[in-house]
Amino acid sequence: MTTTAQAARPVALPPRNRAEHLLLPATFITSLGNGVQLVAAAVLVFTTGQSALAVGWLYILVSIPPALLSLWFGSIADRFDRRTLCLIADLASAVAAAFLPVWILAGGDPGPVAYGTAFALSLLSAMFTPAGGALIKERVHPARTALFSAHYEIAMQLGLLLSAALGGILIHYVGTTPLFMFNGVTFLASAVALWAMRKAPARTGAAAHAAADGGVPGAPLVRLGLLYACGQMLIMVSNTTLIVLVYVAFDRGAGVYGVVDALAGLGFCVAAALFPRVAARFGEFRAAVVGGVGCALMSFVLPLHLVMLLLAVPPAAFMVGTSRVGLRSILLRSVPERRAGRLFGAVNAAGLGLSAAMTVLVAAVADATHIRYGFYLLGAVCALAMAATAFSLRGKVSGSSGAVSCEG
């Protein structure tokens, strides 16, 4: 039997609802605050500990809760009200973020508290991420998932892009302490947007049953989730290895790395903006797979020369951005609402776990040889994994323009 979940078409789309209007600014605000927090925390622990290892431990610490607890929090998101869980996470995050600057102003040692605050925020993020993904599934009309996914990616990337520039400028002029308070304010702003979203209209009878058991029957969610997790691994490990490539292999500094980061953000934003047209021309699934594999293969080009890096980063980011938007849209339409939290929790945990393992492997190869071989290993593994997974979905997922078909 073959069932079809209709993708977004350029005509006859339902209008944006209240939730969609509020979810996008909340995403931008949260992304901006999280980015500023991480930049400020990294600077703080480095200046107090005078060690690059101190910064490394910070990044390791913030990756532990999402990797270990995302699946469990996803199960909770499927049992309780998603909007309420997101509100709790935002309000608790605001308190946690505000504690650090208050502690510093009171004359306390900022080092240990900075680690504790980062861990607490990461723990709350592990709850927010699957609940937020399930909330999108619950509130956004299925016909608008592709367009919403594109706008969601733009909001998130613009927040991260602005946070890097804003964080650096503000640290230079006012120091790190006001930035931590600013992050607390962004969590409160996100909570206000979630509160304004209001509760979902009550469903009764057949409508409630259809919502709970919606999605695409027989959809290969595990393999679709694996594709998305592989893209997440490619992005996260690339971010780490790019630092080594710019600073060590090319002997450049923060200015060049900032340009590379900005070019990558630009590529992501362009991919999200053009995704509806790309999907209409080539199909969501096909565009997502080609984009993911293409970005992985770009890993063989990036370490060749600084000029090549600067030229290749925007198209590489464009391809992986296309992959992220397409796969997120397919997952949102395919998963039943009652399982959405577990799915997004599992995907987040898988992406972080794969990223941690691949980072260790790439680092070992780079330390034993050269950073370029770390890029080659990353590109080969991601390209093969995504291509093999996509091949196994032949006949089960069709990426034709305007529709995704799942055969069970």
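The values are calculated or read from the model by the stated rules, or taken from the named source; none is laboratory data. Computed from a prediction, not measured in an experiment: that's the story for all the values here. A quick note on method: Cβ atoms are made from the backbone with ideal geometry, for glycine too, and the neighbour counts reach across all protein chains shown.
Values for this structure:
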{"item": "Region 335-354: number of residues that are surrounded by 23 or more Cβ atoms within 10 Å (Cβ to Cβ) and small (G, A, S)", "result": "5"}
{"item": "Test: residue in region 162-174 that is in contact with a Leu (Cβ under 8 Å, 6 or more places away or on another chain), on the phi < 0 side of the Ramachandran plot and among the small types (G, A, S)", "result": "yes"}
{"item": "In region 237-278, residue surrounded by the fewest Cβ atoms within 10 Å (Cβ to Cβ) [restricted to those that are touching a Lys or Arg at 6+ places or on another chain (Cβ under 9 Å) and more than 16 Å from Q157 (Cβ to Cβ)]", "result": "A249"}
{"item": "Residue count, region 220-235 (criterion: surrounded by fewer than 18 Cβ atoms within 10 Å (Cβ to Cβ) and touching a residue at least 24 places away in the same chain (Cβ under 8 Å))", "result": "1"}
{"item": "Top-ranked residue in region 209-231 [being aliphatic (A, V, I, L, M) and within 30 Å of C295 (Cβ to Cβ); ranked as modelled with the lowest pLDDT]", "result": "V216"}
{"item": "Flag if I29 is over 22 Å from L343 (Cα atoms), at pLDDT 85 or above and of a type in the set (V, I, T)", "result": "yes"}
{"item": "Positions within region 362-396 being basic (K, R) and modelled with pLDDT of 85 or more, in sequence order", "result": "R372"}
{"item": "Out of A146, A96, A126, A150, sole residue that is touching an Asp or Glu at 6+ places or on another chain (Cβ under 7 Å), assigned to a helix (DSSP H, G or I), crowded, with 17+ Cβ neighbours inside 10 Å and among the aliphatic types (A, V, I, L, M)", "result": "A146"}
